[in-house]
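For reference, the structure discussed in these notes is given below.
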Amino acid sequence: MSGETLSNLLSEARRFPPPADLAAEANVTAAAYDEAAADPDAFWAAAAGRLDWAEPWQQIRDWSNAPFARWFTGGKLNAAHNCVDRHVEAGHGDRVAFHFEGEPGDTRTLTYADLRDEVCRAANALLSLGVRAGDRVAIYMPMIPETVVAMLACARIGAPHTVVFGGFSADALRGRILDCDAHVVITADGGYRKGAPSALKPAVDEALTACPQVRSVLVVRRTGQDVAWSEGRDVWWHDLVAAQPAEHTAEAFDSEHPLYIMYTSGTTARPKGILHTTGGYLTQAAWTHWAVFDVKPERDVYWTAADIGWVTGHSYIVYGPLANGVTSVLYEGTPDTPHQGRWWEIVAKYGVTILYCAPTAIRTFMKWGEQIPARFDLSSLRLLGSVGEPINPEAWVWYRHAIGGDRTPVVDTWWQTETGAQMISPLPGVSTCKPGSALRPLPGISAEVVDDNGQPVPNGSGGYLVLTQPWPSMLRTIWGDEQRYIDTYWSRFPGYYFAGDGAKKDEDGDIWLLGRVDDVMNVSGHRISTTEVESALVSHPFVAEAAVVGAADATTGQGIVAFVILRATAAEAGLDGAALARELRAHVTKEIGPIARPRQILAVAELPKTRSGKIMRRLLRDVAENRALGDVTTLTDSTVMQAIREGLPEGS
Ligand code: 6R9
């Protein structure tokens with residue numbers, strides 16, 4: 001981490017104990033830590049007991065085939081039943097499940113009873129398309145209620161879904177469809193973003209030109225945009241789903257039945273299909289949502305302002321809140337459409353009590369100014385959460401002050417696609433919060449910060465974050481690649497799960513997350529692999545070689561900076577520097593998606609490499625962040641860096 005960030009951490013010494021009224025009524029008290037430490041299995045069994053099981057489990061955790069875990073073995077349950085039907089059966093059918101707010105201002109209210117009917121219809125529709133338990137279904141959708149319905153319909157019939165973020169390109173979508181061998185895709189004509197319809201169906205059509213196994217595409221009409229139609233393959237949601245009966249008996253599946261695959265960037269160009277299964281995942285998603293957000297289903301209005309296409313949306317828009325029978329807000333669009341107060345208008349309109357979002361959003365709001373949220377009545381808020389990247393103390397304090405009215409706790413929650421649910425976080429009724437620290441592992445979770453040799457570091461020191469015991473919602477494997485699962489997560493420190501994050505233990509033993517220690521960037525809370533962007537760049541005819549780094553960015557956490565060595569074809573094309581950068585940025589957008597578009601592209605004659613030929617990204621990051629050069633003794637040619645520096649345009 002940079003010296004600047006460190007000094008910020010040191011200068012913010014304020015501590016925020018839990019508000020007395022919240023603590024007095026909190027779902028979870030300090031006793032949970034002791035209970036879980038004394039008997040973690042019993043603790044998780046009690047958490048699993050918050051769900052409906054059709055058949056009881058025989059064993060709580062089976063770690064006999066480590067690192068392949070099984071939880072609640074022998075138990076059977078249905079995730080959709082747990083998220084929907086059981087609340088209706090308990091008499092809460094009239095409770096609102098989602099207040100949907102479309103970007104153009106259209107709204108829909110779905111009660112739990114409405115959701116149950118829709119999920120049953122969609123489940124029947126998928127069955128009519130030949131989808132059976134175990135078949136994978138790809139979902140490529142905007143943020144609309146049908147996305148939730150589609151996921152739950154899949155879960156209901158035991159068909160693992162793979163939701164692909166709507167901002168990903170046709171190529172990225174195709175790669176994921178092929179990797180998990182999905183035969184059915186659910187999509188929409190488009191969604192609304194930044195004040196205009198943004199098409200999705202054309203990307204599906206393009207992706208499917210090379211996916212012959214896909215036989216059906218179910219299309220929701222959202223924007224009314226014209227769409228190309230493939231007769232026999234494409235079906236309108238409103239034709240097929242609406243015609244189905246609203247009755248469907250949910251079958252109970254094994255606790256270890258696959259629930260979903262979520263692709264995430266790793267250190268290689270090929271995204272990893274993270275596999276989550278049913279019982280353990282739902283147990284921890286539901287328990288953490290209940291404990292960390294202290295939700296009271298009868299009165300809270302909960303809002304995760306993230307996209308369902310990321311794990312945060314899976315666990316804290318869909319599975320956690322619905323398993324707890326909570327009322328949520330679902331917002332389709334961007335924070336500044338039609339004005340920069342849109343989020344706060346939504347908070348005031350629905351009386352949102354709990355808000356969960358990423359530091360990048362908070363820093364953007366800081367930039368826009370405190371006067372914008374100040375125009376809205378935010379007094380309903382009682383708890384704020386942060387996720388996705390380290391939150392700097394200034395942003396933490398601003399969030400609590402400008403949004404939380406100096407009243408609300410802010411829970412900084414560390415977790416990953418792989419962990420499935422929150423792992424390190426304050427408990428709002430128990431913990432005294434420190435701006436910038438996620439504090440300590442949640443009850444039932446064992447984490448440690450270790451040195452290069454896997455030894456725990458003393459308080460006051462930094463190292464690598466590891467998880468030392470299996471947990472219910474842990475990934476079970478990488479889809480189709482068990483060896484990669486072992487190599488990526490379980491080989492760096494034998495016996496421990498290696499998270500890929502650096503962390504520090506302060507003098508109290510509390511944990512501060514310091515960002516990735518591998519070649520994964522974190523841009524606006526999105527994980528993007530440096531190698532993925534590099535391979536997109538070198539797939540362009542102008543580029544011979546590319547090195548990509550994440551450089552510190554005041555708003556997005558990191559920004560993507562690409563160093564490229566050009567081929568002769570680039571000069572022959574006669575483009576100037578700006579046109580060339582535009583061309584390459586557009587190419588990366590096409591290959592991966594707009595989130596991977598480099599902030600800067602710098603043409604260089606050579607790249608710094610170690611003697612073994614590895615690109616020294618650390619040095620490039622120093623250049624990109626304009627810091628003094630680090631150690632260059634392992635460089636094959638240490639003059640390269642000087643040349644790169646001198647070739648940099650002024651002020652970059
Ligand atoms: C949930 C999610 C995971 C990576 C993770 C870490 C970073 C997430 C964080 C955090 C510091 C937090 N991260 N939460 N860093 N403090 N509270 O974001 O999943 O997209 O898989 O990203 O995000 O680097 O390793 P995912």
### Task
Mind listing the long-range amide H neighbours of Val543? Cut-off is under 5 Å, sequence gap 5 or more, other chains count too, H placed in the peptide plane at 1.01 Å from N.
Arg567
### Query
By how many nm would the segment from Ser64 to Ala579 lengthen if fully extended, with 0.36 nm per residue of separation less the alpha-carbon distance?
179.7 nm
#### Entry: Magnitude of the charge dipole, the chain, Cβ model with Lys/Arg +1 and Asp/Glu -1, debye to 20
480 debye
### Summary
The long-range amide H neighbours of Val329, using H built 1.01 Å from N in the peptide plane and a cut-off of under 5 Å, are His99, Tyr302, Trp303, Thr304
### DSSP beta bridges in region 324-429 [antiparallel fraction, %, rounded to 5]
10 percent
### Task
Could you list Thr419, Thr334 in order of exposure, starting from the residue whose Cβ has the fewest other Cβ atoms within 10 Å?
Thr334, Thr419
### Ranked list, fewest to most other Cβ atoms within 10 Å of each Cβ, for His183, His339, His289
His339, His183, His289
#### Entry: Which of Ile595, Leu580, Phe563, positive extreme of dipole for region 524-647 (C-beta unit charges)
Ile595
#### Entry: Value of [θ]222 nm, deg cm²/dmol, for the chain, DSSP H segments ≥ 4, -39500 (n - 2.57) each, nearest 500
-8000 deg cm²/dmol
### Message
Using a 7 Å offset from the Cα along the Cα-to-Cβ direction at both Glu572 and Glu12, what is the distance between the two label points in nm, to one decimal?
### Response
5.3 nm
#### Entry: Assigned charges on the beta-carbon of Lys, Arg, Asp, Glu; region 501-622 dipole about Cα centre (debye)
260 debye
## Note on the structure
Note on the chain: the mean projected area of its alpha-carbon convex hull, in nm², is 28.2 nm²
### P(r) weight above 23 Å for region 319-431, C-alpha pairs, percent
27 percent
### Query
Looking at the chain, which longest stretch skips every one of the GluC sites (Glu not before Pro) that is in a DSSP loop with at most 12 other Cβ atoms within 10 Å, leaving the sites themselves out?
1-230
#### Entry: Non-local Lys pairs in the chain, i.e. 8 or more apart or on different chains, that have alpha carbons under 26 Å apart
13
### Message
Please arrange Tyr263, Tyr281, Tyr350 by how many other C-beta atoms lie within 10 Å of their C-beta, fewest to most.
### Response
Tyr350, Tyr263, Tyr281
### Task
List every residue whose amide H lies under 5 Å from the amide H of Trp236, counting only residues 5 or more places away in sequence or on a different chain, with H placed 1.01 Å from N in the peptide plane.
Val219
### Task
For region 548-561, take each phi angle, set θ = phi - 60°, evaluate the Karplus expression 6.51 cos²θ - 1.76 cosθ + 1.60, and give the result in whole Hz per residue in order, putting x for glycine and proline.
10, 10, x, 9, 3, 9, 4, 9, 8, x, 10, x, 8, 10
### Summary
In whole angstrom, the spacing between the Cα centers of region 406-465 and region 181-241 equals 41 Å
### Top positive-direction residue, dipole computed over the chain with Cβ charges, set Leu152, Val548, Ala305
Val548
### Task
In whole angstrom, note down how far apart the Cα centers of region 467-537 and region 358-376 are.
30 Å
#### Entry: DSSP-defined beta bridges in region 20-503 - what % are antiparallel, rounded to 5
50 percent
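Just so you know, all these numbers are worked out from the coordinates, no wet-lab data involved. If you're wondering where the values come from, they're calculated on a predicted model, not measured in any experiment. Quick reminder, even Gly has a Cβ in these numbers, built from the backbone with ideal geometry, and neighbours come from all protein chains shown.
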